[in-house]
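K.L.:
Below is one structure. I have some questions about it.
Derivation of every value follows stated rules applied to the coordinates shown; laboratory data play no part. Being a predicted model, the structure only gives us computed values, none of them experimental. Virtual Cβ from ideal backbone geometry, glycine too; neighbours counted across all protein chains shown.
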Number of protein chains: 2
Amino acid sequence: MALSTMIYNHLPTSQPIIMNKLSKIHGLAHQQVVLDQPKTKTSNRVSSLTESLSHLLHLHLETPPRTNTRQINWNSYGEEKLSTPTTSPKEVIAQNWRDMHASSNWDNLLDPLHPWLRREIIKYGEFAQATYDAFDFDSHSEYCGSCRYNRHKLFETLGLSRNGYKVCKYIYAMSHVNMPQWLERSKLVDTWSKDSNWMGYVAVSDDEETRRIGRRDIVVAWRGTVAPTEWYEDLQWKLEPYGHGDAKVEHGFHSIYTSKNDTTRYNKSSASEQVIKEVTRLVELYREKGEDVSLTITGHSLGGALAILNAYEAASTIPNLPVSVISFGAPRVGNIAFRDELHQLGVKTFRVVTKQDVVPWMPGPVYTHVGAELKLDVHSSPYLKRGLNWPGFHSLETYLHLVDGFVSTTSTFREDARRDVALVNKACDMLVDELRIPHCWYQLANKGLVCNAHGRWVKPKRDPEDIPSPHMQENINVPALEARMQTQDVHKPL
Amino acid sequence: MALSTMIYNHLPTSQPIIMNKLSKIHGLAHQQVVLDQPKTKTSNRVSSLTESLSHLLHLHLETPPRTNTRQINWNSYGEEKLSTPTTSPKEVIAQNWRDMHASSNWDNLLDPLHPWLRREIIKYGEFAQATYDAFDFDSHSEYCGSCRYNRHKLFETLGLSRNGYKVCKYIYAMSHVNMPQWLERSKLVDTWSKDSNWMGYVAVSDDEETRRIGRRDIVVAWRGTVAPTEWYEDLQWKLEPYGHGDAKVEHGFHSIYTSKNDTTRYNKSSASEQVIKEVTRLVELYREKGEDVSLTITGHSLGGALAILNAYEAASTIPNLPVSVISFGAPRVGNIAFRDELHQLGVKTFRVVTKQDVVPWMPGPVYTHVGAELKLDVHSSPYLKRGLNWPGFHSLETYLHLVDGFVSTTSTFREDARRDVALVNKACDMLVDELRIPHCWYQLANKGLVCNAHGRWVKPKRDPEDIPSPHMQENINVPALEARMQTQDVHKPL
């Protein structure tokens with residue numbers, strides 16, 4: 001179903017409100033749509049989507065003038081900035097962890113944003129970002145749709161070891177609902193899996209991080225989709241009963257979270273079963289040691305929706321477990337009854353959204369958002385371009401950049417924000433030209449081809465330890481692996 | 001001017017003939033146009049061009065069935081092929097060099113194609129390909145439009161040292177004619193040059209290669225353009241007097257070859273002056289040593305046109321110098337009088353064209369091709385896709401693949417062709433899926449960004465020795481450079 005039709009279906013009574021809201025999030029009316037993106041399959045569809053939307057709502061979206069933003073002097077920008085560390089020193093938050101983990105719904109921590117909380121949000125956002133950065137999107141690879149690295153070296157390879165967590169388990173998902181744009185599939189006949197995609201992972205804080213944050217923190221990070229607007233177009237947007245009573249959630253999200261099939265290699269159990277089993281095991285393990293344990297579930301886009309379903313189930317299943325969700329650019333998931341049940345279960349939800357991103361408006365007013373919201377504005381950053389750029393507005397790296405720069409709703413972009421601005425352009429084109437950062441720069445040399453001893457360009461075989469295997473997952477030879485990693489430069493993401 | 005308009009202008013009397021020819025080169029009629037290319041700015045324009053063309057000529061281009069091609073068994077293809085060297089052993093051709101260099105217009109060497117000549121054609125084609133592979137296309141780089149490597153390490157870096165030539169001089173060109181699609185320009189304010197592009201180089205055979213080929217061979221390689229059809233659209237297609245008598249050549253080619261301006265850094269002398277001065281110096285140098293000397297000029301697309309102008313001037317200027325041109329996918333350059341003058345000067349021209357490439361048909365019948373022609377057929381290769389693919393048909397790597405596989409006009413693709421097939425997809429999407437080679441794979445890791453010691457992704461500064469300088473060109477510290485190169489893995493092109 002096209003997004004336009006989809007919105008139209010929900011319009012009868014609420015049309016003026018939606019129009020008003022959409023015109024608010026995109027600034028004032030009656031100017032031309034500017035599309036900065038290079039034409040790709042995705043941006044073509046996004047562009048046609050944009051057109052239908054603006055046509056349907058009789059909107060002409062515009063770029064507001066640069067006001068209320070800090071001005072950068074590009075002439076003096078450069079050397080000094082580039083030699084500043086990208087992170088601030090870590091604070092010990094052990095005494096306050098329940099506040100950070102939302103015992104009080106983050107009251108008084110959001111505006112202005114508490115610096116400790118900002119740091120934690122970015123930490124979880126980076127865990128979600130890892131699910132994109134390590135994903136094999138190469139449709140010519142037999143491992144398309146899997147993680148490019150095994151779980152023991154994921155964080156090391158992506159430079160995330162500094163966060164102090166270890167990955168315990170990978171999660172795979174399939175869907176019984178036909179959603180052609182969802183699954184990343186290899187073009188080849190012989191592949192690691194025909195039905196499943198790597199959908200995220202379970203990780204747990206190490207001893208040092210546990211001391212710093214005051215409890216053993218289990219993280220579940222859910223992957224979203226690269227081209228979310230395409231994907232949302234294909235959803236059927238129908239509600240499905242979930243849990244008890246009148247709670248209902250979106251059919252497609254539910255299908256990805258719960259589908260399984262005995263004939264598959266990776267989804268003999270559903271994503272739901274995989275993750276709940278592993279979280280339960282970890283909770284029991286650390287509770288036996290007398291530790292406080294928390295569960296923090298994160299995800300971007302579709303991943304944020306799965307995080308909510310996962311939180312509901314974990315809170316229902318595991319007694320007395322503090323469960324919080326930190327989502328980025330996530331769509332609405334269920335109806336009001338579902339929201340109420342989540343509240344009753346004590347699930348704390350922290351939603352980071354940008355004013356310009358359309359995904360959090362989906363699937364429309366029948367669905368309800370839950371929890372606290374941190375609303376960011378793309379226009380607050382002096383580093384970002386002003387043109388309409390739907391993939392850029394929705395990109396998780398854009399979100400992390402804006403969180404890093406957010407001080408309060410009345411302040412300009414944080415002057416001492418340190419996160420590397422270049423990351424924003426990894427997979428989109430959002431940075432101003434003055435920064436000289438190419439768009440969509442996150443890529444392999446020669447798309448992974450290497451020149452062999454005979455002078456031929458070939459796709460190297462994956463390291464055996466990185467080949468997904470449903471049986472081997474738990475039994476990798478860790479000492480051998482670690483020895484190998486010490487001899488390699490594994491800090492380079494690509 | 002659009003290609004369609006351009007062709008239309010030349011159609012009045014010859015329309016039926018052209019229609020006939022075009023329907024021949026593209027196979028039979030009345031089927032749908034298939035566009036395999038990913039949508040890029042270029043392919044969008046190419047696609048609209050294609051549409052206007054086929055619409056104008058009432059053509060429906062089709063993919064002919066796979067006949068007269070060797071069938072590949074993809075199941076057994078692989079390991080063995082990938083461990084075969086990419087080149088055949090070199091033969092000593094010293095006794096026959098004048099035949100190879102066209103003393104008799106390559107009579108009796110073309111059909112079937114003499115294996116020695118095939119090898120020579122590929123050698124020169126690789127010299128032309130180097131002008132693309134080493135070119136800095138990055139509009140965010142201050143060196144956009146220059147060569148990424150200095151002349152001392154160009155061949156080494158691209159893996160072309162095995163051909164046994166050394167680069168003596170780089171050539172820079174500008175144009176007084178306004179051709180917006182021609183010049184590659186940096187988006188930055190401070191750049192190495194605002195007017196000029198690196199346009200090729202002069203090289204000379206080393207002692208060993210000189211012995212093998214029977215004379216000291218001077219090569220001039222001219223760069224073409226990446227998006228030729230765009231570029232040709234913008235040409236004004238007007239003839240300009242050149243040389244003596246009635247000879248006329250295309251205005252735009254002439255401008256690039258001869259333009260200069262005292263206020264520029266790289267074109268105080270024109271491309272013509274730079275190249276003739278260097279070739280003259282080399283001819284005198286080696287003639288003084290009593291050696292036979294030849295001049296072979298090569299280029300693809302626009303580069304093939306410049307090669308012809310260059311050959312005309314060299315033959316006019318330097319007495320008794322055997323001059324030959326080996327061009328790939330080159331357009332027509334001048335009128336009949338120009339062709340006749342070239343013949344009188346003894347310039348031998350060898351044009352490699354593919355039946356499917358439109359560029360050699362340009363600018364239309366007022367212009368005339370010169371010399372011998374080797375006509376290749378994209379459909380002869382079992383490795384190439386069948387869909388309509390204008391950039392792919394015109395790509396120099398496609399040409400080199402087809403030369404490598406050409407035996408005779410009545411034979412199928414050469415079974416023992418060894419050139420690496422993967423190279424075809426460097427910058428286009430021509431290879432069949434069975435080969436599992438990604439399209440447009442020739443790319444830098446992370447578009448050249450590297451992670452610095454502080455964890456920030458930055459564009460590294462160019463090595464000082466690779467920064468173009470109009471004054472330094474001749475004075476690079478070669479021993480220091482060579483010492484440095486021995487410590488580096490310079491064989492990897494990217």
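K.L.:
Taking R0 as 35 Å, what's the FRET efficiency between A:His343 and A:Ile72 from their Cβ-Cβ distance, rounded to 0.05? The partial results should precede the final answer.
P.N.:
On the way: r = 42 Å, r/R0 = 1.21.
It comes to 0.25.
K.L.:
Quick one: in chain A, whose Cβ comes closest to the A/B rotation axis, and how close in angstrom?
P.N.:
Spelled out, residue of A and its Cβ distance from the axis onto B: A:Ala445, 2.
K.L.:
Okay, next question. Show me the three semi-axes of the equivalent ellipsoid for the range B:339-400, from the C-alpha gyration tensor (sqrt of 5 times each eigenvalue), largest first, rounded to whole Å.
P.N.:
Working: eigenvalues 144, 35, 12 Å².
Ellipsoid half-lengths, sorted descending, are 27, 13, 8 Å.
K.L.:
Using a label point 7 angstrom from Cα along Cα-to-C-beta, what distances in nm, from shortest up, separate B:Glu288 from the other copies?
P.N.:
8.9
K.L.:
Per residue and in Å³, how big is the convex hull formed by the alpha-carbon atoms of the range A:257-365? Kindly include the intermediate steps, with their values, before the conclusion.
P.N.:
On the way: hull volume 12.6 nm³, N = 109.
In the range A:257-365, the Cα convex hull volume per residue is 116 Å³.
K.L.:
Within 10 Å of each Cβ in peptide B:428-440, how many partner chain Cβ atoms are there on average? Round it to a whole number, please. Present the calculation step by step, with values, prior to reporting the outcome.
P.N.:
Values: counts 0, 0, 0, 0, 0, 4, 2, 1, 10, 6, 10, 2, 1.
Going residue by residue through B:428-440 and averaging, the value is 3.
K.L.:
If you rank A:Leu160, A:Leu321 by fewest surrounding Cβ atoms within 10 Å, what's the result?
P.N.:
Ranking A:Leu160, A:Leu321 by Cβ neighbours within 10 Å, fewest first, gives A:Leu321, A:Leu160.
K.L.:
What percent do you get for the relative contact order of the range A:293-399 when only Cα pairs under 8 Å and 6+ apart count?
P.N.:
Numbers: 195 pairs, mean separation 27.1, N = 107.
It comes to 25 percent, rounded to a whole number.
K.L.:
Taking other Cβ within 10 Å of each residue's Cβ, how do A:Cys428, B:Cys451 sort, fewest first? Write down the numbers at each step before the final one.
P.N.:
Working: A:Cys428 22, B:Cys451 18.
In order of increasing Cβ crowding within 10 Å: B:Cys451, A:Cys428.
K.L.:
List the distances, in nm to one decimal, from the label point of B:Ile336 to the label points of the same position in every other copy, shortest first, placing each label point 7 Å from Cα along the Cα-to-Cβ direction.
P.N.:
Nearest first, the other copies' label points are 8.8 nm away.
K.L.:
Same structure, new question: Looking only at the range B:94-486, where both bridge partners belong to it, what percent of the DSSP beta bridges are antiparallel (to the nearest 5)? Can you show the working numbers first?
P.N.:
Working: 23 of 46 bridges.
Roughly 50 percent of the DSSP beta bridges within the range B:94-486 come out antiparallel.
K.L.:
Between the range A:311-340 and the range A:191-215, what is the C-alpha centre distance in whole Å?
P.N.:
First find each Cα centre; the distance between them is then 18 Å.
K.L.:
Then there is this: At 7 angstrom along the Cα-to-beta-carbon line, where would the label on B:Val366 sit relative to the other copies? Give the distances in nm, shortest first.
P.N.:
Nearest to farthest, the other copies are at 6.5 nm.
K.L.:
Using a 10 Å cut-off on Cβ to Cβ distances, tally the other chain neighbours for every residue of B:140-148 and report the average as a whole number. Spell out each step's value before the answer.
P.N.:
Details: counts 7, 2, 1, 0, 0, 0, 0, 0, 0.
Taking all residues of B:140-148 together, the mean is 1.
K.L.:
So what's the projected area for the range B:94-486, the Cα convex hull averaged over all directions, in nm²? Could you put the intermediate results ahead of the total?
P.N.:
Values: hull surface 82.1 nm².
Projected over every direction and averaged, the Cα hull of the range B:94-486 covers 20.5 nm².
K.L.:
Would you mind ranking B:Asp262, B:Asp195, B:Asp246 so that the residue whose beta carbon has the fewest other beta carbons within 10 Å leads the list? Before the final figure, lay out each step's value.
P.N.:
Values: B:Asp262 7, B:Asp195 20, B:Asp246 12.
Ascending number of Cβ neighbours within 10 Å: B:Asp262, B:Asp246, B:Asp195.
K.L.:
Greater than 29 Å separation of Cα atoms is the criterion. Which listed pairs, A:Lys169/A:Lys194; A:Lys355/B:Lys459; B:Lys81/B:Lys166; A:Lys153/A:Lys385; A:Lys90/A:Lys375; B:Lys123/B:Lys461, meet it?
P.N.:
In this structure, A:Lys355/B:Lys459; B:Lys81/B:Lys166; A:Lys153/A:Lys385; B:Lys123/B:Lys461 exceed 29 Å between Cα atoms.
K.L.:
Taking a virtual spin label 7 Å from the Cα of A:Thr368 along the C-beta vector, which residues in the range A:243-281 bring their backbone nitrogen under 13 Å of it?
P.N.:
Under 13 Å, as judged by backbone N against the label point of A:Thr368, lie A:246-249 of the range A:243-281.
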